[in-house]
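So the structure is just underneath, and the comments pick up after that.
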Amino acid sequence: MSTLAAAVAPLTTQDAEALVEAARTAAEAAGIAAAVTVLDAGGHLLVFRRDDRAVLIAGETSTRKAYTALQLNAPTADLVDAVQPGGLFHTLPTALDRPLLFIAGGVPVHREGRLIGAIGVGGGAPEQDHGFATVAADSLV
């Protein structure tokens, strides 16, 4: 029996562009001007797009949300309580050189059960951003 895992195709630029388009379409349908960031499994930027009408901070938050979802392999919406006083990750937001952001809107991207990247959305309410990111991640084939 082989102990080697089957190779899983990495997140490509084409995949990342499709993720951004799916998130943007969902945001536009809700009347939200959003920023969307897609990172590969190594945390490297593949695609970033900010709607002209989106607030400038949406770009920064979308990137940090994607990075947080990638590093912890979990949607940022699921981690909000963990950083509250007494929570498992209470000191984590300030413990690293590259800051994490525990606000809903970051979602890990998986292929065949393997983490291949993450998407972050900023610009709407946290629950909206989470919905847009989830729709996009679920659309990846």
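The values are calculated or read from the model by the stated rules, or taken from the named source; none is laboratory data. Since the model is a prediction, treat every value here as computed from it, not as a measurement. Methodologically, a virtual Cβ is constructed for each residue, glycine included, from the backbone with ideal geometry; neighbour enumeration extends over all protein chains shown. Keep in mind that these areas ignore ligands, DNA and RNA; they rest on the heavy atoms of the full protein, side chains included. Shrake-Rupley method; radii C 1.70, N 1.55, O 1.52, S 1.80 Å.
The phi-based Karplus calculation (6.51 cos²θ - 1.76 cosθ + 1.60; θ = phi - 60°) puts the 3J(HN,Hα) values of the range 81-88 at 5, 5, 9, 6, x, x, x, 3 Hz, whole numbers, x for Gly and Pro. Normalising by residue count, the chain has a Cα convex hull of 116 Å³ per residue. Entry comment: accessible area of the chain is 53 Å² per residue, from protein heavy atoms only and a probe of 1.4 Å.
Each residue of the range 64-79 was assigned a 3J(HN,Hα) from its phi angle through the Karplus expression (A = 6.51, B = -1.76, C = 1.60, θ = phi - 60°), giving 5, 5, 4, 4, 5, 4, 5, 5, 9, 6, 7, x, 4, 4, 7, 10 Hz with x at Gly and Pro. Computed over the chain, the per-residue total of -39500 (n - 2.57) for DSSP H runs of n ≥ 4 gives a 222 nm mean residue ellipticity of -11000 deg cm²/dmol, rounded to 500.
Centroid-to-centroid, using Cα positions, the range 5-31 and the range 116-139 are 10 Å apart. Surface composition of the range 1-136: carbon plus sulfur atoms hold 56% of the accessible area, using a 1.4 angstrom probe and ignoring ligands, DNA and RNA.
The heavy atoms of Arg64 offer some 80 square angstrom of accessible surface to a 1.4 angstrom probe. Across the range 104-110, rounded Karplus estimates of 3J(HN,Hα) from the backbone phi angles (6.51 cos²θ - 1.76 cosθ + 1.60, θ = phi - 60°) give 3, x, x, 9, x, 10, 10 Hz, Gly and Pro being marked x. For the chain, the residue among Ala74, Ala34, Ala133 whose Cα projects farthest onto the positive side of the dipole built from Cβ charges is Ala74. With the whole protein complex present, His130 retains an accessible surface near 50 Å², based on a 1.4 Å probe.
Each Lys and Arg contributes +1 and each Asp and Glu -1, all at the Cβ; summed about the Cα centre of the chain, the dipole is approximately 200 debye.
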